Amino acid sequence: MNSKIKEYTSFYKKVLAVALPIMLQNGISNFVSLLDNIMLGRVGNDEMTGVAIVNQLLFIFYLCIFGAVSGAGIFTAQYYGSKDMEGVRDTFRFKLLISTVILVIAIGIFMLFNGPLLRLYLSESSEVGNIEATFNFGREYLFIMLIGLLPFTLENCYSGTLRETGRTVIPMAASVVAVFINLGLNYVLIYGKFGAPELGVAGAAYATVISRVVQLLIVVVWTHRHSEALGFIKGLYASFKVKKGLGRKIVVMGLPLIVNETLWAAGIAAQMQAYSNRGVMVVSGLNINSTIANVFNVAFIALGDAVAILVGQLLGAGKTEEAKRTSSRIIVFSVSICIILGTVLFFTAPLFPQIYNSPDEIKFLAEKFLRVTAICMPLMGFLHATYFTIRSGGKTFITFLFDSAFLWVVAVPVAYVLTLYTGLDIVTVFLLCNLVDLIKATVGFILLKKGVWINNLVAE
């Protein structure tokens, strides 16, 4: 009995050593995003909604970069597990190259098609909100935010590699510094404090851009100053060549992941657009819901990262049975945490919308959306950990089918059918769209049991 207790204690210490810094980083970041959201909400509901729509569009870019970095990161974790620093270096270079291509394409799309993209979310079927004002605020915010996409991209390449090699503290510290800079500058620039001009949504955008530059500088400077400890950083920029055959392997395995993350984010945006058919007030209510929910979701998101890192390293080291045990234990832990956090969110849901300066109709919707999110949180925890388990073994085509293909083939059509062709209220529609994921959870459980994800990618 004592040996079992020691084994579990040792295991969860190891998991939390990886997950807690990520959890803290995401938690502080999302809490500050909540405060940002409240600040803009107090300026006006149209400002808050315009910014929320832009962030929904930028979310597609963010996840596209995440997919590119993560695709190569599967190899990074396994190369590091097999102590191949040259392999880690090559995957780092690949991240920089592919992310730059995505960045250029994204800026071009946002510059050329910003108007039509924003208007997708602006339905006239609501008495709450000024459509043109919301559109103009969103456009103003977007053009400034484009400046911050470059530091965001580079920081993700560096921080992703540091996490995959088990160094999660520095990305966390950089993020913590950045979010507090963002918060402080938001207060100064949105409201025009300490002699600064009152810039509103533009102030929020400038604050975000500046904080991202600071975050990038912290991570880059620390990484290069510790080149002795970080063997893979030496000679990183001596060449941009990637080991023969590796680039092709990353593309073959990583392309489904990039496509998956992009299509998943686009699918979430499409779902939001479907919900927006019920009016701008629904977009505002869902914005409040997602901002609050993100603070609660940090636990299962961090545990998903822990699965990717720990299981990936074990697979790279050839420790298959240990990888299976690690995955199962983290999944159970994630679901248990989500049950606790979901319960807390369910009973505190009426409190959060009251801190916004929004009409009562929007506050009512936000409360109901939050309770739906709370009920579905254990399901989300299971799905997230399952996804990262399957991905850790490089089964990216399966994750593509499991994630974005399911979203577009099942979840998005369900959202459009329910919003356009039924008389169901929007809260019931939102609940049913979330519960559709029970199908995916069943498939995920079967895939885990069959062990189709077990794969050593870096074995010679």
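The values are calculated or read from the model by the stated rules, or taken from the named source; none is laboratory data. Just so it is clear, the structure is predicted and the values come from calculations on it, not from any experiment. Ideal geometry is used to build each Cβ from the backbone, glycine not excepted, and the neighbour counts take in all protein chains shown. Just the protein is used for accessible areas: all its heavy atoms, side chains included, with ligands, DNA and RNA removed. Shrake-Rupley method; radii C 1.70, N 1.55, O 1.52, S 1.80 Å.
Points worth noting:
- For segment 168-319: accessible area per residue (Å², 1.4 Å): 38
- Anisotropy class of segment 255-304 from Cα gyration tensor, a/c 1.5 cut: oblate
- Given (1) 23.9, 83; (2) 21.8, 66; (3) 29.2, 91, the label whose value is Rg and Dmax of the Cα atoms in Å derived from this model: (2)
- When only the Cβ of Lys, Arg, Asp and Glu is charged (+1, +1, -1, -1), the dipole of the chain relative to its Cα centre reaches about 1820 debye.
- Residue 364-residue 143 FRET efficiency (beta carbon distance; Förster radius 51 Å; 0.05 resolution): 0.90
- Of all lysines in the structure, those lying under 26 Å Cα to Cα from residue 244, and not within fewer than 8 positions of it along the same chain, are 83, 95, 234, 395.
- Backbone geometry of segment 245-254 corresponds, through the Karplus equation with coefficients 6.51, -1.76 and 1.60 at θ = phi - 60°, to 3J(HN,Hα) couplings of x, 5, x, 5, 5, 5, 5, 4, 8, x Hz, x marking Gly and Pro.
- Three-way shape label, segment 104-263, alpha-carbon gyration tensor, a/c 1.5: oblate
- In degrees, nearest ten, helix 280-296 long axis to first principal axis of the chain (Cα): 40
- Three-way shape label, segment 186-233, alpha-carbon gyration tensor, a/c 1.5: prolate
- Computed from Cα positions, the angle between helix 85-119 and the longest principal axis of the chain comes to roughly 20 degrees.
- Charge-dipole axis of the chain as Lys and Arg at +1 and Asp and Glu at -1 on Cβ define it, positive-most pick from 190, 78, 386: 78
- Annotation for segment 280-355 versus segment 360-428: alpha-carbon center distance of 14 Å.
- Segment 171-226 and segment 253-277: distance between their alpha carbon centers, rounded to Å: 28
- The slack in the chain from residue 422 to residue 343, taken as 0.36 nm per residue of separation less the alpha-carbon distance, amounts to 25.4 nm.
- Net charge contributed by nearby residues that have their C-beta within less than 11 Å of residue 390 (K/R +1, D/E -1): +2
- Computed in the context of the full set of protein chains, the accessible area of the chain at 1.4 Å probe radius has 67% of its extent on carbon or sulfur.
- Theoretical FRET efficiency, 1/(1+(r/R0)^6), r = Cβ-Cβ of residue 107 and residue 42, R0 30 Å, to 0.05: 0.45
- Taking Cα atoms only, the orientation of helix 412-421 departs from the longest principal axis of the chain by about 20 degrees.
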